[in-house]
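Structure first, then comments.
The values are calculated or read from the model by the stated rules, or taken from the named source; none is laboratory data. All of these numbers come straight from a predicted model, not from anything done at the bench. Neighbour counts are summed over all protein chains in view; Cβ atoms, including those assigned to glycine, are modelled from backbone coordinates with ideal geometry. Accessible surface is based on the protein model in full, side chains and every heavy atom, while ligands, DNA and RNA are left aside. Shrake-Rupley method; radii C 1.70, N 1.55, O 1.52, S 1.80 Å.
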Amino acid sequence: TADEKVVDGTFLPEANGKDASPSGQSEGSKWQKPRLSRKSLMKCCLVKWIIASTSKQGPDCCDSDLELSMVRHQPEGLDQLQAQTQFTRKELQSLYRGFKNECPSGLVDEETFKTIYSQFFPQGDATTYAHFLFNAFDMDRSGSIRFEDFVLGLSVLLRGSVTEKLRWAFNLYDINKDGYITKEEMLAIMTSIYDMMGRYTLPSVKDDSPFDHVEKFFQKMDRNRDGVVTIDEFIETCQKDENIMASMQLFENVI
């Protein structure tokens with residue numbers, strides 16, 4: 001349930017097999033290619049949406065490389081995507097089958113994102129958050145997301161390093177993509193998450209919570225007091241501050 005998703009703050013750190021300590025010491029240490037259990041993977045709304053679609057199709061495992069010619073937008077070859085992501089070939093084939101079933105054109109639009117998140121978070125209003133999340137995936141501002149962009153983003157969010165995830169989060173918060181986060185942008189994202197979670201969020205959410213969170217975070221992040229947060233300030237502050245890293249779990253659990 002959505003309630004369990006909020007309470008369970010172990011998703012991303014657990015998924016990549018690294019310690020989520022704010023020091024980020026695991027960044028440079030040697031680690032094996034992570035393997036996500038189906039249970040961990042299924043906590044991600046976008047993956048649930050894809051897997052549900054795949055299961056509707058039945059277990060037929062036709063060659064995904066041959067399927068690529070059947071859609072208007074043909075993604076990169078699976079070998080190339082496997083090299084660019086932390087997914088196995090089998091996982092990519094499964095993701096692609098579901099993606100193609102839901103989006104025969106080979107492209108996802110913003111309305112699809114809104115539908116997905118309204119289904120998984122029926123107790124709140126997911127419209128604004130889905131809009132912001134879609135823009136974070138839609139890197140070239142084309143108004144649609146290709147399969148490649150979809151899995152590259154998911155790979156970072158599910159199996160990336162701490163720094164990679166924080167860079168992705170910065171991109172989400174930087175709404176106008178000018179390379180800086182303003183207090184207004186951070187408040188807009190935070191408010192959209194709280195709106196989506198609704199009043200069933202645990203611990204319970206007060207109306208002033210997003211504003212209080214942003215005031216506290218921004219003061220810590222804006223080190224030179226110039227009114228904006230750079231990507232270096234964002235990453236450094238998040239990695240050094242346990243409270244901020246813990247609060248980032250709220251964001252991590254609504255992907």
*Net charge of neighbours whose Cβ lies under 11 Å from the Cβ of ASP138, counting Lys and Arg as +1 and Asp and Glu as -1*: -1
*With respect to the cross-link table entries LYS165/LYS220; LYS100/LYS183; LYS90/LYS165; LYS114/LYS220, which display a Cα-Cα separation exceeding 29 Å?*
LYS100/LYS183; LYS114/LYS220
*Let me know the shape class of region 132-172, please: from the alpha-carbon gyration tensor, a ≥ b ≥ c as square roots of the eigenvalues, rounded when a/c is under 1.5, otherwise prolate if a/b is greater than b/c, or oblate.*
oblate
*Measuring from label point to label point, each 7 Å out along Cα→Cβ, what is the SER53 to LYS240 span in nm?*
4.3 nm
_Accessible surface of LEU78 - all protein chains present, 1.4 Å probe, nearest 10 Å²_ = 0 Å²
*Using the alpha carbon gyration tensor of region 74-183, what are the three equivalent-ellipsoid semi-axes (square root of 5 times each eigenvalue), largest first, in whole Å?*
23, 19, 13
